[in-house]
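Notes follow once the structure below has been shown.
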Amino acid sequence: MEIFLVITAFIALAVISGIVSHRKKQARITELSAWARSRELQFQADEVHGFDDDHPRFECLQQGNNRYAFNVVSGKRGEHFLIAFDYHYETESTDSDGKSSTSHHYFSALMLQPRHRLKPLVIRREGFFDKLKAGFGFKDINFESAEFSKKFYVTAPDKRWAYEVINTRTMQLILDQIPKYQIEFDHEVICIAAEDELDAFGFEQAYLFASQILDGIPEFARQD
């Protein structure tokens, strides 16, 4: 009898959890689709695969397995083409007993494509392994601001272009950013990746942040 009650309780909890998860998912779709309509953009809730293949330089899109975007908002906004989306990937782990488990990871990101060409560049918070690599000679790009160089890891094939993009104005903009983003450029777009999922207001802030970075690139550093 006790086992039956335990099983019943377990099933009930699973059902409740499923209902809550579904309602949360639908509420997010409603919110983001409304944000897209308010900005005259397109919205697609279904999974979209291939973002990692289209942007192989972006570290944030190359993590784990079973990668896909969803809740994709896209279209022309101002002078830029915008794509905002939620992103999923999986990682596998094994415990001390040899049992494997799958973890699902989610975050949000936004891309802007300007009319001029860009160059590859990565700006992210400096972590333990970055400092460890520095000890073996794998150093990132340092700037006049000791605070910025201490907090952020910056790497780019064209070091001079990195200095032109991360000027005094943009450096302070990045230092002041809330929430903290990982910022990546390839030759065509800038990608702003958050640590977690963003709500509509968060996506709007990410758009403004990315726009300010692009606007801060000097004319002489812009490639036609």
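The values are calculated or read from the model by the stated rules, or taken from the named source; none is laboratory data. This is a predicted model, so every value here is computed, not measured. No Cβ is skipped: glycine too gets one built from the backbone with ideal geometry, and neighbour counts run over all protein chains shown. For the accessible areas, the whole protein counts, side chains as well, though only heavy atoms, and no ligand, DNA or RNA atoms are used. Shrake-Rupley method; radii C 1.70, N 1.55, O 1.52, S 1.80 Å.
Residues in segment 72-88 that are of a type outside the set (V, I, T) and open to solvent by less than 10 Å² (accessible area, probe 1.4 Å) were compared, and the one that is nearest to L214 (Cα to Cα) is L82.
Restricting attention to segment 65-118, the residues that are in a strand (DSSP E or B) and among the charged types (D, E, K, R) total 7. Remark: pairs (first residue in segment 98-126, open to solvent by less than 50 Å² (accessible area, probe 1.4 Å); second residue basic (K, R); Cβ separation under 6 Å; 6+ apart in sequence or on different chains) = H116/R222; P120/R57. Note on segment 180-212: residues that are more than 13 Å from H80 (Cβ to Cβ), among the polar types (S, T, N, Q) and either touching a Pro at 6+ places or on another chain (Cβ under 6 Å) or not in a strand (DSSP E or B) (or both) amount to 1.
Considering only segment 213-220, I want to know if a residue exists there that is in a helix (DSSP H, G or I) and within 13 Å of I123 (Cα to Cα).
Taking segment 213-220 first, the residues in a helix (DSSP H, G or I) are 213-215, 219-220.
Narrowing further to those that are within 13 Å of I123 (Cα to Cα): 213.
Yes, segment 213-220 contains a residue that is in a helix (DSSP H, G or I) and within 13 Å of I123 (Cα to Cα).
Exactly one residue among A27, A34 is touching a residue at least 40 places away in the same chain (Cβ under 8 Å) and small (G, A, S), and that residue is A34.
I want to confirm something. Restricting to segment 37-46 and keeping residues that are open to solvent by 20 Å² or more (accessible area, probe 1.4 Å) and touching a residue at least 24 places away in the same chain (Cβ under 8 Å), which single residue is farthest from A109 (Cα to Cα)? Before the answer, list the steps.
Step one: list which residues in segment 37-46 are open to solvent by 20 Å² or more (accessible area, probe 1.4 Å), which gives 37-40, 42-46.
Now narrow it down to the ones that are touching a residue at least 24 places away in the same chain (Cβ under 8 Å): 39-40, 42-46.
Numbers: R39: 17, E40: 19, Q42: 16, F43: 15, Q44: 15, A45: 15, D46: 16 Å.
Filtering first and then ranking leaves E40.
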